[in-house]
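**Student:** Quick one: the structure is below, questions incoming.
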Amino acid sequence: MTSPPPGDLDIGPRNGRIRLRTYRQGVAARAGHDLVLEAASWSGRVHLPAEECAAPSVEVEIDLRRLDVVEGTGGVRPLSERDKADIRTAMQKRLRTGSHPVARFASSRVQLVGDEATVAGDLLLGGRSHPLELALKRAPDGTIMGSAQVVQTAWGITPYTGLFGALKLRDAVDVEVELRLPVS
């Protein structure tokens, strides 16, 4: 399998995808939806050094005001466009996008082993920075797939609750990354 060429590679929606998966819990969980959200506006850079002794790096910035609800499963009824708009409004309030409109990730360590990588760094979210680690794997077609979990309360974000607390959003949100990088 070939690798991407050394240098700086710009990444964003044209060659990748960032999705968030939320899950419901609580006694009224059946009323809510497990959601798939997609970052519609994000950009980043992957630096792949030519020298073997130098370390790769990754930086990504996501516009949190542009998280789209792409899927909702479960629930008493399917999600309507109004439901999706209400979810976006509630999400922006919880994420404090008025004062912190973007999330930023910057790697501090990238460990490559075969077709797998661990990317460790800091995620700035809601004005707070905490460590985050992504596990990545390269597929036979060269696509890079990865995942991490963001525990909302670690960044001072209170998970959504509804129906007087009977419907809750799980604290851990799954982050999924997919990149299609050029190969040499």
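**Student:** Sort all Cα-Cα distances of the chain into consecutive 10 angstrom bins from zero, then give the percent of pairs in each bin up to the one containing the longest distance.
**Tutor:** Spelled out bin by bin, the chain gives 9, 36, 31, 18, 6, 1 percent.
**Student:** Next up: Between helix 81-95 and the chain, what is the angle of the helix's C-alpha long axis to the longest principal axis, kept within 0 to 90° and rounded to the nearest 10?
**Tutor:** That helix lies at roughly 70 degrees to the long axis.
**Student:** What's the extension gain from Val76 to Glu52 if we count 0.36 nm per residue and subtract their Cα-Cα distance?
**Tutor:** Using 0.36 nm per residue and subtracting the Cα-Cα distance, I get 3.2 nm.
**Student:** Which net charge results when you count Lys and Arg as +1 and Asp and Glu as -1 among the other residues whose beta-carbon is under 13 Å from that of Thr143?
**Tutor:** With Lys, Arg at +1 and Asp, Glu at -1, the net is 0.
**Student:** Once you keep just the Cα pairs under 8 angstrom separated by 6 or more residues, what percentage relative contact order results for the stretch 7-179?
**Tutor:** Reported relative contact order: 24 percent.
FYI, it's all coordinate maths here, none of it is from the lab. What you see is a predicted model, and the numbers here were worked out from it, not measured in a lab. Note that we place each Cβ from the backbone using ideal geometry, even for glycine, and neighbour counts take in every protein chain shown.
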